[in-house]
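Below: the structure, in structure tokens.
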Amino acid sequence: MKSFLFAAAMLVSAFTTTSTQAESRQDFLLINRTGYDIGEVYISPAKADDWEEDILGSDDSLDDGEQREIKFHRAGKTCLWDLKVVYDEDDSTAVWHDINLCEVSKITIKYNRKTDTTSATFD
């Protein structure tokens, strides 16, 4: 009986830990399929007043066809984030709001030349 209770307690503990980790997980893969290089990428909690720092760094870019794993160094309590990209070529921007990074693990950015619009898919 003791071994059964110990096993049940371990199972509950493992479930709780896994559930908590899943809720705070915001890491994702960012893929550039725009046909252009992206010079800056900003991620901020939804409804924040500023964009914080460029996560690519000042000397880096996300070239067309390239992908980058975006990792959060601290576990945040929020799941909703805003994303902004700035193109190298002309400094134009594209912005998406309220992305649930607790549910999204891959963001693919595309550009349509005919309509002059940047879009994203969230998987």
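The values are calculated or read from the model by the stated rules, or taken from the named source; none is laboratory data. Since the structure is predicted, the reported quantities are computational estimates derived from the model, not experimental observations. All Cβ positions, even for glycine, are placed from backbone atoms using ideal geometry, and neighbour counts span all protein chains on display.
Residue 102 satisfies every condition listed in (1) within 12 Å of the chain's Cα centre (by Cα); (2) under 14 Å from residue 29 (Cβ atoms); (3) assigned to a loop (DSSP other than H, G, I, E, B) except (2). Of all the numbered requirements in (1) at pLDDT below 85; (2) out of contact with any Leu (no Cβ under 9 Å at 6 or more places or on another chain), residue 25 misses one, and that requirement is (2).
Checked against (1) in a loop (DSSP other than H, G, I, E, B); (2) in contact with a strand residue (DSSP E or B) (Cβ under 8 Å, 6 or more places away or on another chain); (3) surrounded by fewer than 17 Cβ atoms within 10 Å (Cβ to Cβ), residue 56 meets all criteria but (3). Could you tell me whether residue 38 is at pLDDT 95 or above and surrounded by 13 or more Cβ atoms within 10 Å (Cβ to Cβ)? Judged against the criteria, residue 38 is a match. Taking residues in the range 85-110 that are within 18 Å of residue 46 (Cβ to Cβ), and partners anywhere that are of a type in the set (Val, Ile, Thr), the pairs with Cβ atoms closer than 6 Å and at least 6 places apart or on different chains are 85/38; 85/41; 93/86; 94/85; 94/118.
Could you list all residues from the range 68-84 that are assigned to a loop (DSSP other than H, G, I, E, B) and in contact (Cβ under 8 Å) with a residue 12 or more places away in the chain? Listed by number, the residues that qualify are 71, 72, 75, 76, 77, 78, 79. Identify, from the list 35, 65, the residue that is small (Gly, Ala, Ser), in contact (Cβ under 8 Å) with a residue 60 or more places away in the chain and outside any strand (DSSP E or B). The unique qualifying residue is 35.
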